[in-house]
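Enquirer: Submitted below is the structure of interest, expressed as structure tokens.
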Amino acid sequence: MSPRIARVAASGVMVVVGAVAALIGSGYGFTTDNGQIGAGFMPVVLGVVMAVLAVVDVVATLRRPPDADADAGAGTEQSDIDVLGRSQRQRNGMLALVVGLLFLALLLVPVTGLLIALGLLVVAIATIVERRHILAALLVGAIAIAVVHVVFAVLLKVPMPTGLIGLI
Amino acid sequence: MIENILLGFQTALTLENVLWCFVGVLLGTVIGLLPGLGSTTGVAVLLPVTFTLEPVTALIMLAGIYYGAQYGGTITSVLISTPGEAASVVTTLDGYQMAKRGRAGAALAISAIGSFIAAIISLALLMALAPPLADLALEFGPVEMLAIMILALVVVITFQGKDMIRGALMAVAGLLVATVGIAQGTSEARFTFGNVNLLSGIPFVEVMIGLFALGEVLHQIRMGAAAPIRARFQDMLITRKDVKDSMPAILRGSGIGFLLGILPGAGSTLASFMAYGVERKVSRNRDNFGRGAIEGVASPESANNAAANANFVPTLALGIPGGATTAVLLGAFTIFGLQPGPLLFDTQPALVWGLLVSFFIGNVLLLVLNLPLAPVFAQMLRIPYGYLYPIILLTSLIGAYSVSNNMFSVWLVFVFGLIGYLMKEVDLPMAPFVLGLVLGPLLEKALVQTSAIGKGNLGVMFESPIAVGVIALAIAAIVVPRVLAALRGARRDARV
């Protein structure tokens, strides 16, 4: 997606969000019975202002010459190959993988507990995404979890969810 | 006055008080380093530890945690673009850019120096002006606070220069997100869709962790690995020129921070944003702002420290907390059987002046502790990013969980992380969004109260000379730079 289309799409989403917020907000009452501002005042005013500003931004983006968007740095991309020799396509894949692994780790929390789920996430990212050696990844994951456990669970006494297996 | 200062030094400089002050700033720094844990959580968590201490010693230690945590938050803002608390958000703009250019050590050092100078200035001002300023702060009702918040939003929007529409759009988006939860005044639930977790609103810390920590990590993955930062040790050190260049920014930041810090509720966040906005307009190096200008670190850091100290004016003299952390400290006062208010200066002079002087001692300790450690902290950037970012994800998510002990917070970080990533991709500014989110509840509260004062008529705002003056400043902040630019352009055309 070109930077210009991405900017227009983002502002388009905000037009919709602003309009929907104003619409729902109007249901809360713009003013109270005694004429003072009601629960819907802020949502309506902000929703309308947001939609208007977003429309102005869409128009401004479309009127700007295409080069200006690239100059403004919207959606900037570095050269296709990074210092580790990864192409933009590979990096996009890595990004999707990290988001997917993160989502999976959070789904795992009720089973393994928060610390173990996130420890597995660290190891999975280091080995699958970053292609680090499994032993090094396990070592980093174990040290990180140990430090976090001591600081948060032991010293600060944060009650961590331990999940079904109930370890830490 | 001199007797008060001497009494303060006499109280604060006992071995026991200096030791606990040191413990406070050290623990505060460590707490500030942990994502999700800021000064408020730090003071609240460690409050029970102080129950066995003398009240003055306990308060000195808790105050040490307060400004220690602020500095800890600065370290993560500079090194990994993850602010520990809202007051450090602005520091990420230039601090992180400095770190990327191998100057993290200098950014951290100028932050410590700026905070130290701000502490000296604000201490001198506090001692001279605390009682009259307390009277002045009383003049600031909801109407005046509403005007101040509008000014703050305008200043932040003007950060964006030519892209002011996008700045305004994000500020409004932040304010809109802040409307989620129970409405001010009417207690009606808004945009909660039956979810009880949303009744108290979208929690700010989780949003911040998502936008800055997770959003930045995802952005970096897509941008690809950059060449590792291999700065020489001497590049990590701050130079005399850095200090000289930053001095005007530190002095201006301290003044702005102090003035905003004395207003109840305004706090350090507003001060750091305002100071950065002003510096971006007046600094000789303004063209480099956002690209690693050292003044862009010095100014907000001085401002948030000065504001943190000045926050104690309404807290001590009026019994009104200046911000969330001083609200917890106010609770500590009552636990120790002390009643903050106008009489406190007369009934407990040793405690009040001892506490105020301890800010100075605490900042000396922070400087001594952190100036040599700044290049050491900066070495963290040498860790390969492939290992660093999974650890950032781990600590950020655990930090978010620890704020409310609720998995909802962790999911919020995930969602706002994706939003933060998309915002970076389409170049939407985060600072106005964050300020909108922080100020949203305060702004609505002031708006509801102003509406009540005017019996539904918000025009009552223009009956307050202070509010009119502040609104005039806000208009000037938008109009004056445009008029000046137009005049400069016309002069240039005339020359051609």
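All of the numbers you see were taken from the coordinates with simple rules; none came from a lab. Every value quoted in this text rests on a predicted model; they were computed, and no experiment measured them. Reconstructed Cβ throughout: ideal geometry from the backbone, glycine too, with neighbour counts over all protein chains shown.
Enquirer: In debye to the nearest 20, how big a dipole does chain B give about its Cα centre with +1 on each Lys and Arg Cβ and -1 on each Asp and Glu Cβ?
Expert: On the way: 27 positive and 25 negative charges, 385 e Å.
The calculated dipole for chain B is roughly 1840 debye.
Enquirer: Could you compute the FRET efficiency for B:Leu458 and A:Leu135, with r as their C-beta to C-beta distance and R0 at 51 Å, rounded to 0.05?
Expert: 0.20
Enquirer: Scaled to the compact-protein estimate 2.2 N^0.38 Å, what is the alpha-carbon radius of gyration of the range B:403-496, rounded to two decimal places?
Expert: So the Cα radius of gyration is 1.70 times the expected 2.2 N^0.38 Å.
Enquirer: Averaging the inverse of every distinct alpha carbon separation and then flipping it gives the Kirkwood radius. What is it for the range A:1-63, in angstrom units?
Expert: Hydrodynamic radius (Kirkwood, Cα only) of the range A:1-63 equals 12.4 Å.
Enquirer: Might you report the magnitude of the Cβ-based charge dipole of the range B:290-437 about its Cα centre, with Lys and Arg at +1 and Asp and Glu at -1, to the nearest 20 debye?
Expert: For the range B:290-437, the charge dipole is close to 240 debye.
Enquirer: Averaged over peptide A:41-48, how many Cβ atoms belonging to another chain are found within 10 Å of each residue's Cβ?
Expert: Values: counts 9, 13, 7, 1, 4, 12, 3, 1.
If you average over the peptide's residues, the count of other-chain Cβ atoms is 6.
Enquirer: Let me ask another. What ranking of B:Ser81, A:Ser2, B:Ser358 emerges when the number of other C-beta atoms within 10 Å of each C-beta is taken as an exposure proxy, fewest first?
Expert: A:Ser2, B:Ser81, B:Ser358
Enquirer: Take every Cα-Cα pair in the range A:73-168 and report what % of them are more than 22 Å apart.
Expert: That fraction is 42 percent.
Enquirer: Relative to the compact globular guide of 2.2 N^0.38 Å, what is the alpha carbon radius of gyration of the range B:1-71, as a ratio?
Expert: So the Cα radius of gyration is 1.15 times the expected 2.2 N^0.38 Å.
Enquirer: Shifting gears a bit: Can you return the aspartates and glutamates within cross-link range of B:Lys455? Criterion is Cα-Cα under 13 Å, with same-chain partners fewer than 8 residues away left out.
Expert: A:Asp33
Enquirer: Can you give me the P(r) profile for chain B? Cα pairs, bins 20 angstrom wide beginning at 0, each as a whole percent.
Expert: Values per bin, smallest distances first: 24, 58, 17, 0.
Enquirer: Sticking with this structure for a sec: Calculate for the protein assembly as shown the 222 nm mean residue ellipticity that helices alone would give, adding -39,500 (n - 2.57) per DSSP H run of length 4 or more and normalising by residue count, nearest 500 deg cm²/dmol.
Expert: Helix-only estimate at 222 nm: -23000 deg cm²/dmol.
Enquirer: Report, please, the projected area of the range B:415-457 averaged over directions, based on the convex hull of its C-alpha atoms, in nm².
Expert: Convex hull of Cα atoms, orientation-averaged projection: 4.0 nm².
Enquirer: For the protein assembly as shown, I need the span (max minus min coordinate) of the C-alpha atoms along each principal axis, in Å, sorted largest to smallest.
Expert: Cα spread of the protein assembly as shown along its principal axes, largest to smallest: 69, 62, 59 Å.
Enquirer: Kirkwood Rh, the range B:89-208, all Cα pairs: how many Å?
Expert: About 18.5 Å for the range B:89-208.
Enquirer: Note down, for the range B:1-141, the three equivalent ellipsoid semi-axes (square root of 5 times each alpha carbon gyration tensor eigenvalue), biggest first, whole angstrom.
Expert: Semi-axes (√(5λ), whole Å): 28, 20, 15.
Enquirer: Can you tell me which aspartates and glutamates have their Cα less than 18 Å from the Cα of B:Lys281? Leave out same-chain residues fewer than eight positions away.
Expert: By straight Cα distance, B:Lys281 reaches B:Asp94, B:Asp163, B:Asp245, B:Glu295, B:Glu301.
Enquirer: With +1 assigned to the C-beta of every Lys and Arg and -1 to the C-beta of every Asp and Glu, and no other charges, what is the dipole magnitude of chain A about the Cα centre in debye, to the nearest 20? Kindly include the intermediate steps, with their values, before the conclusion.
Expert: Values: 10 positive and 9 negative charges, 73 e Å.
My answer is approximately 360 debye.
Enquirer: Under 12 Å from the Cβ of B:Ser268, count the other residues' Cβ atoms, weight Lys and Arg +1, Asp and Glu -1, and hand me the total. Mind showing how you got there, number by number?
Expert: Values: positive: none; negative: B:Glu85, B:Glu301.
Neighbourhood net charge equals -2.
Enquirer: While we're looking at this one, here's another question. Kindly provide log₁₀ I(q)/I(0) values, in the same order as q = 0.13, 0.14, 0.15, 0.18 Å⁻¹, from the Debye equation applied to equal alpha-carbon scatterers of the range B:240-399.
Expert: -0.80, -0.89, -0.97, -1.14
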